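Step one of this worksheet: look at the structure below.
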Amino acid sequence: MAEQSGSPHRSMYKLVGSPPWKETFRQGCLERMRNSRDRLLNKYRQARGKPPGRARSTLLAQELMEEEWNAWHSVESGPAAVAQLEEPMDLAELEEIQQELVDQEQSIISEYENSLQFDEQCLSIILAEWEANSPICPVCTKYNLRITSGVVMCQCGLYIPAHSPELTEQKLRACIDDSVNEHSAHCPHTPQFSVTEGTGSQSSLLMSCLACDARAVII
C-alpha cells in the first residue's frame, strides 16, 4: 500500500476515529465497491491481457478507499465527523479493509468470468447443433435437405444432382446463408428459392427477388 507522501491515502495512516468510525468507514468502502461493479469490470476488461501484478490485483480497492476518505472530509460530512479523527490509524486495520475490498473485487470478477464462460458454452452448443443439423429446404421451408449419392433431395420433391462431389450439407447451408445475407445487405425483401433447369438440362437451385430483380444460382 505504498503511496506518495501527502496523498489522501497516505494521510489515512496518520488519522483514526473511534471504533464506530472505523466500522462506518469500512462499510462505506464496501458499499462503494458494491455500487461500482460496472466501473470495476471496465477496469478489468482494460487490464486483460496485461502481465499480472499488484496494480491489476487491486484494480479499484485503493481508489475507493481514498474516495471514501475524501468524502469524510467533504463539506457535507461536517465538522462532527472530522472531529472523530484524533488518533493515529493502525496500518494493519487499513490493510485489512483493503484486503476485504480486494476479496470483493475478486468475487465480482469471478462471477463475471463464470458468466462469460457460461455464455461461451451455450454458444458452442448452439453452433454445434446448428452444424450437426441438415439445412432447411429453402423451397418448401418445411423439411430438411439431404445429400445422398451426390444428389440434393427433399421430401417436398426437390431433386438436384450436386454439381460438385465435395458438396456437403454444411457447405450447402453456408452457400444458402451467404447468398441470403448478401441480398439482405442491399434489399429488405425476402428472396424466393426455386428449382430451375440450367445448362445441359441440369437442375439448379435458384434464388431470386421480385422486388430488386436479383438472381443467384446457389448450386
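The values are calculated or read from the model by the stated rules, or taken from the named source; none is laboratory data. All values reported here derive from a predicted model rather than from experimental measurement. Note that we place each Cβ from the backbone using ideal geometry, even for glycine, and neighbour counts take in every protein chain shown. SASA here: full protein model, heavy atoms, side chains in, ligands and nucleic acids out. Shrake-Rupley method; radii C 1.70, N 1.55, O 1.52, S 1.80 Å.
Starting from region 145-183, pick out the GluC sites (Glu not before Pro) whose DSSP state is loop and whose Cβ has at most 11 other Cβ atoms within 10 Å. When the GluC sites (Glu not before Pro) of region 145-183 are filtered for loop state and at most 11 Cβ neighbours within 10 Å, Glu166 remain. Name the shape class, rounded, prolate or oblate, that the alpha-carbon gyration tensor gives for region 172-219, where a ≥ b ≥ c are the square roots of its eigenvalues, rounded holds for a/c under 1.5, and otherwise prolate holds if a/b is larger than b/c and oblate otherwise. Oblate is the answer for region 172-219, as a/c is 1.5 or above yet b/c matches or exceeds a/b. Rolling a 1.4 Å probe over the protein heavy atoms of region 145-217, with every protein chain left in place, gives an accessible area that is 49 percent carbon and sulfur. Residues whose amide H comes within less than 5 Å of that of Leu145, counting only those at least five positions distant or on another chain, are Ile136, Cys137 (H built at 1.01 Å from N in the peptide plane). From most to least packed by mean Cβ count within 10 Å, the peptides 184-192, 149-157, 22-30, 61-69 give 61-69, 22-30, 149-157, 184-192.
Restricting the chymotrypsin sites (Phe, Trp or Tyr not before Pro) of region 92-191 to loop positions (DSSP other than H, G, I, E, B) with no more than 14 neighbouring Cβ atoms within 10 Å leaves nothing. 3J(HN,Hα) along region 95-102, derived from phi through the Karplus expression 6.51 cos²θ - 1.76 cosθ + 1.60 where θ = phi - 60°, amounts to 5, 5, 5, 4, 5, 5, 5, 4 Hz, with x in place of Gly and Pro.
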